[in-house]
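Heads up, the thing below is written out as structure tokens.
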Amino acid sequence: MIRAPEFGSGTWLNTTGPLSLRQLRGKVVLLDFWTFACGNCLHVIEELRPLERRFADELVIIGVHSPKFAHERGDEAVRAAIERYEVGHAVFNDPDLRLWRQYAIRAWPTLVLIDPNGYVVAQAAGEGQSANLAMMISELIAESEAAGTLRRGENPYQPPEPSGGELRFPAKAIELGGSLFIADAGHHHIVQARFEPANQRLQVDRRIGSGRRGSEPGDLAEPNGLTALPPEVSARTGYDLVVADTANHRLSCVRSADGVIVATIDLAAALAATDTRTVTGPVPAVLSPWDVAWWPAARRVAIAAAGVHLLLSWDPLLDGPAAVQLLAGTTVEGLKDGPAADGWLAQPSGLAPQGDRLWFVDSESSALRNLSLAGQLTTVVGEGLFDFGHVDGAAAQARLQHPLGVSVLPDGSIAVADTYNGAVRRYDPAQDSVSTLASELDEPSGLVLVQGVLVVLESGAHRLTPLPDALNPPHPREVAGAPLQSVRPASELAPGRVELRIAFRPPSGQKLDDRYGPATSLMVSSTPPELLAVGAGAGSALSRVLELVGEPGTTGVLHVTAQAASCDDDELVEHPACHLARQDWGVPIQLTAGGPSVLELPLLG
């Protein structure tokens with residue numbers, strides 16, 4: 001076994017002071033390498049909550065924040081994310097990825113389990129790991145207790161002081177019936193209010209939802225997006241407001257007249273009813289709908305399913321199969337245009353219909369894209385998963401940084417809430433160019449027109465901010481910034497034949513679940529595509545021979561998506577518990593003469 005490296009220099013949050021693995025001897029320690037832009041990382045934070053409660057006296061969870069984007073490096077941005085997502089454990093901010101390199105991490109999220117003696121006993125990438133981790137933690141506790149080395153109590157977690165006022169991390173808003181309805185994510189409410197852009201006065205009239213981060217009827221765990229149904233549809237459904245409840249992976253249907261949540265739509269169950277499958281198999285249940293928008297041309301509600309990198313649609317007038325359908329994506333995370341069924345998306349997070357075109361922003365690829373009613377994906381701004389920046393000018397060279405919101409302006413141009421650049425940007429289709437409407441904002445996440453004024457939801461500042469000159473700027477402002485890239489340590493591999501292995505083992509007491517087809521799946525591609533001569537595409541085996549082409553020194557990225565389904569291995573159990581482990585890797589590689597000819601990625605174990 002390997003002694004776990006110490007934390008070293010960095011900033012500690014959610015705790016009273018610096019921690020060390022030495023002072024935590026006697027405790028089971030779980031490190032969660034995450035970054036707050038990563039939807040899969042947010043899923044894992046939810047998965048860790050039961051472990052925090054079950055092993056409160058023996059387990060210490062520490063989030064190692066390992067940023068992808070420049071904005072994520074700052075302590076204040078991490079502190080705000082901890083508060084927004086109610087992270088219930090200590091967090092170590094490691095902006096230079098020092099620990100990432102020491103622990104040889106290759107993907108967000110990755111979990112590392114450390115025993116009470118300070119040794120690494122397991123490493124697991126991706127989601128769906130909690131069942132196996134619970135068993136391993138139980139075994140470590142039993143072994144350490146028998147050896148007399150277990151130490152209980154003294155959890156170093158210290159919750160932060162709550163921030164915000166009338167609003168707390170507002171995400172998006174719409175106008176309906178003379179009121180402004182705001183997705184107040186941090187308060188777990190929809191706020192019905194009146195807003196005067198001229199004096200920035202917000203008058204709250206009603207709060208919809210229980211105000212709890214729960215999953216019971218009436219709860220809105222994390223509302224992010226919302227849309228209004230047309231009158232002829234709402235007259236038949238009995239509700240007129242649809243809310244994307246991201247953390248509950250469902251839609252909530254609200255009657256705005258009295259604020260009653262009439263129904264909820266379980267998106268995973270609805271998709272399962274249509275037997276929707278992609279190249280990677282069944283769609284995982286953690287869809288994380290981030291935005292919704294009524295698309296008049298399609299006569300359906302469009303859904304940005306950020307957690308599985310898909311665009312979906314829902315017909316509120318239908319029940320059962322075909323109510324929820326796949327619009328675009330394969331669940332593979334990336335940026336790939338063309339036919340929608342073969343396209344790659346990367347956490348779609350904001351929607352804006354415009355005739356036969358549905359505009360959306362892909363946050364992880366920092367892209368502005370659109371989907372045509374005929375089923376074609378087109379990218380107008382954006383280069384790839386690791387390319388970003390604040391660059392204006394010709395759209396092909398322009399850069400965004402993790403945008404979360406988009407809106408169609410009256411003149412037909414497109415406004416983008418460029419969240420991690422703290423800016424609002426404008427794409428002019430006629431000129432095919434990008435300019436900056438406003439900057440120095442605090443995580444703008446949504447845009448809405450109120451009384452002819454463009455209003456920004458400054459999520460990080462917990463407020464609405466009008467931009468009086470945005471619709472008629474006197475002169476377009478262009479920022480001549482530099483294109484940026486996320487730089488992570490490259491894995492050296494030999495040119496030619498390389499064996500890719502996904503290390504997976506079902507949790508103890510479980511077996512692979514092949515009742516509905518292959519229990520495992522593997523999808524592989526590369527950037528640039530010519531790097532991979534053999535081995536691209538989808539398959540069920542978790543190992544594959546690749547052929548890498550290039551001279552020593554050639555660099556690129558291998559995109560790997562793997563998932564494995566397992567269920568309780570007990571014939572006497574009528575309804576066995578089942579789990580889906582899944583991970584997307586973007587592995588930077590460099591071809592090196594004499595380099596390794598095996599690349600192993602741990603999915604579980």
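Given the conditions (1) at pLDDT 95 or above; (2) more than 26 Å from Q347 (Cα to Cα), which single one is not true for V112? If we test V112 against (1) at pLDDT 95 or above; (2) more than 26 Å from Q347 (Cα to Cα), just (2) comes out false. Condition test on E47, is it in contact with a Ser or Thr (Cβ under 8 Å, 6 or more places away or on another chain), assigned by TED's automatic domain parsing to the domain that holds A104 and on the phi < 0 side of the Ramachandran plot? Yes, satisfied. Restricting A183, A235, A193 to residues that are touching a residue at least 60 places away in the same chain (Cβ under 8 Å) and at negative phi narrows the list to A183.
When A268, A235, A247, A272 are checked against the criterion of being within 19 Å of the chain's Cα centre (by Cα) and assigned to a helix (DSSP H, G or I), a single residue qualifies: A268. Pairs are defined by a Cβ separation below 9 Å, a sequence spacing of at least 6 or placement on different chains, a first member in the range 499-528 that is basic (K, R), and a second member that is in a loop (DSSP other than H, G, I, E, B); the pairs so defined are R501/L542; R505/L603; R505/L604; R505/G605; K511/A519; K511/D569. Annotation note: of H575, H559, the sole residue that is at pLDDT below 85 and either surrounded by fewer than 19 Cβ atoms within 10 Å (Cβ to Cβ) or not assigned by TED's automatic domain parsing to the domain that holds V286 (or both) is H575.
Here is a yes/no grid of residues against (1) in a loop (DSSP other than H, G, I, E, B); (2) surrounded by fewer than 22 Cβ atoms within 10 Å (Cβ to Cβ); (3) among the small types (G, A, S):
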site	(1), (2), (3)
V64	no, no, no
E83	no, yes, no
G88	yes, yes, yes
D96	yes, yes, no
A104	yes, yes, yes
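Restricting E143, E161, E166 to those that are over 30 Å from R463 (Cβ atoms) and not hydrophobic (A, V, I, L, M, F, W, C) reduces the list to E143.
So that you can scan it fast, the table gives a plain yes or no per residue for (1) in contact with a Gly (Cβ under 9 Å, 6 or more places away or on another chain); (2) at pLDDT below 90; (3) outside the structural domain of A131 (by TED's automatic domain parsing):
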| position | (1), (2), (3) |
| --- | --- |
| R515 | no, yes, yes |
| T527 | yes, yes, yes |
| A541 | no, no, yes |
| V545 | yes, no, yes |
| V549 | yes, no, yes |
| T554 | no, no, yes |
| C567 | no, yes, yes |
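When the range 241-257 is filtered for residues that are farther than 17 Å from N224 by Cα and either surrounded by 23 or more Cβ atoms within 10 Å (Cβ to Cβ) or out of contact with any strand residue (DSSP E or B) (no Cβ under 9 Å at 6 or more places or on another chain) (or both), only A257 remains. Among the residues of the range 305-335, the one identified as in contact with an Asp or Glu (Cβ under 7 Å, 6 or more places away or on another chain) and part of a strand (DSSP E or B) is E333.
Selection of the range 221-236 for residues being surrounded by fewer than 24 Cβ atoms within 10 Å (Cβ to Cβ) and either among the small types (G, A, S) or more than 30 Å from L42 (Cβ to Cβ) (or both) yields A221, A228, P230, P231, E232, V233, S234, A235, R236.
May I ask you to verify whether H71 is surrounded by fewer than 22 Cβ atoms within 10 Å (Cβ to Cβ), within 17 Å of the chain's Cα centre (by Cα) and at pLDDT 95 or above?
Values: surrounded by fewer than 22 Cβ atoms within 10 Å (Cβ to Cβ): yes; within 17 Å of the chain's Cα centre (by Cα): yes; at pLDDT 95 or above: yes.
In short, yes.
Which fully enclosed strands (runs of 3 or more DSSP E) of the range 489-547 have 2 or more residues being buried (at least 20 other Cβ atoms within 10 Å of the Cβ)? Explain how you work it out, then say what you get.
On the way: elements: 491-493, 496-503, 510-512, 520-527, 532-534, 537-539.
Correct list: 496-503, 520-527.
Restricting the search to strands (runs of 3 or more DSSP E) fully inside the range 109-218 and requiring at least 2 residues that are within 27 Å of the chain's Cα centre (by Cα) and of a type in the set (D, E, K, R) gives 170-176. The residue that is nearest to C41 (Cα to Cα), among those in the range 338-348 that are small (G, A, S) and either surrounded by fewer than 19 Cβ atoms within 10 Å (Cβ to Cβ) or in contact with an Asp or Glu (Cβ under 6 Å, 6 or more places away or on another chain) (or both), is A346.
Checked against the criterion of being in the same structural domain as V332 (by TED's automatic domain parsing), surrounded by fewer than 19 Cβ atoms within 10 Å (Cβ to Cβ) and within 30 Å of G452 (Cα to Cα), the candidates V380, V361, V406, V391 yield just one match: V380.
Every listed requirement among (1) in contact with a Gly (Cβ under 6 Å, 6 or more places away or on another chain); (2) crowded, with 18+ Cβ neighbours inside 10 Å; (3) over 24 Å from D569 (Cβ atoms) is met by A470 save one, (1).
Yes or no: S566 more than 30 Å from L113 (Cβ to Cβ) and buried (at least 19 other Cβ atoms within 10 Å of the Cβ)? So S566 does not fit the description; no. Exactly one residue out of V78, V28 is of a type in the set (V, I, T), buried (at least 16 other Cβ atoms within 10 Å of the Cβ) and over 25 Å from F169 (Cβ atoms), and it is V28.
The values are calculated or read from the model by the stated rules, or taken from the named source; none is laboratory data. Note that the coordinates shown come from a computational prediction; the quantities given were computed from them, not determined experimentally. Reconstructed Cβ throughout: ideal geometry from the backbone, glycine too, with neighbour counts over all protein chains shown.
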